[in-house]
Amino acid sequence: MKKDSGLSTREQIVQMLKTNGELSTKDLTEQLGITGMAVRRHIDALERDGLIESRTLRQPMGRPTAIYSLTEEADRHFPKKYHAIALDLLGELAKEAGESQVNHLFDMRKETLYNKYSGSMDHKNLAEKVSTLADIQNENGYMVEWQQKNENEFILEEHNCPISKIANKYNHACQCELGLFENLLDADITRTECLAKGGKKCVYLIRKRNEQQ
């Protein structure tokens, strides 16, 4: 492996494991050109951070060898341009069947998500529903915070939007998210700021409906 001077030793180890799959301490030592003790120190740190894991390779002769590989957590650190593939596919669908079919896909996704999460809202007041929605969105990578303004109003903020590039081109995706929130919370919601439209975050003002207790 050609060493990249712009990368730290830990970053080089992670990249080497990404490209090779599995490597031993000896392999890493030889490729990095540093001492075995230094490699083991970096390996220990990477294991503590949950970025690599090991398995024991038994050999016909000699002592068993520890082989290291990346964990799923480490894999998340590598860039993935899923949005580019999704945009290409949606673009092809729009050309073949029209943008109405793209919007229909987003409508179907909204319905699927509602069916998935609506049960978690049963028998909860609005504050509990907002808290549950924040937990759901955080699990999906939206980096959510929320607060209660008064007895009848709440603010929910999303600091990240995994589909922002798609929503920037297909605004119906944002409308479906707003509709999903309204259905899950059974509340009136206004989006006052949107990442897909150049905002710094997505901000939702949530109001209790008159018929709610």
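Tabulated results
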| item | result |
| --- | --- |
| Checklist (1) in contact (Cβ under 8 Å) with a residue 40 or more places away in the chain; (2) farther than 16 Å from N138 by Cβ; (3) surrounded by 16 or more Cβ atoms within 10 Å (Cβ to Cβ) applied to L180, failing item | (2) |
| One residue from T19, T56 being at pLDDT 90 or above and more than 30 Å from N171 (Cβ to Cβ) | T56 |
| Criterion: touching a strand residue (DSSP E or B) at 6+ places or on another chain (Cβ under 9 Å) and of a type in the set (K, R) - qualifying residue of K201, K169, K165 | K201 |
| Segment 33-83, residues that are surrounded by 13 or more Cβ atoms within 10 Å (Cβ to Cβ), touching a residue at least 12 places away in the same chain (Cβ under 8 Å) and touching an Asp or Glu at 6+ places or on another chain (Cβ under 9 Å) | L51, E53, S54, I67, Y68, S69, L70, T71, A74 |
| Residues satisfying the stated conditions in segment 21-61, i.e. among the small types (G, A, S), more than 27 Å from the chain's Cα centre (by Cα) and not in a strand (DSSP E or B) | G33, G36, A38 |
| Check on G141, over 13 Å from R207 (Cα atoms), surrounded by fewer than 15 Cβ atoms within 10 Å (Cβ to Cβ) and assigned by TED's automatic domain parsing to the domain that holds Q101 | yes |
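The values are calculated or read from the model by the stated rules, or taken from the named source; none is laboratory data. Source: prediction; values computed, not measured. Backbone-built Cβ (ideal geometry, glycine too); neighbour counts: all protein chains shown.
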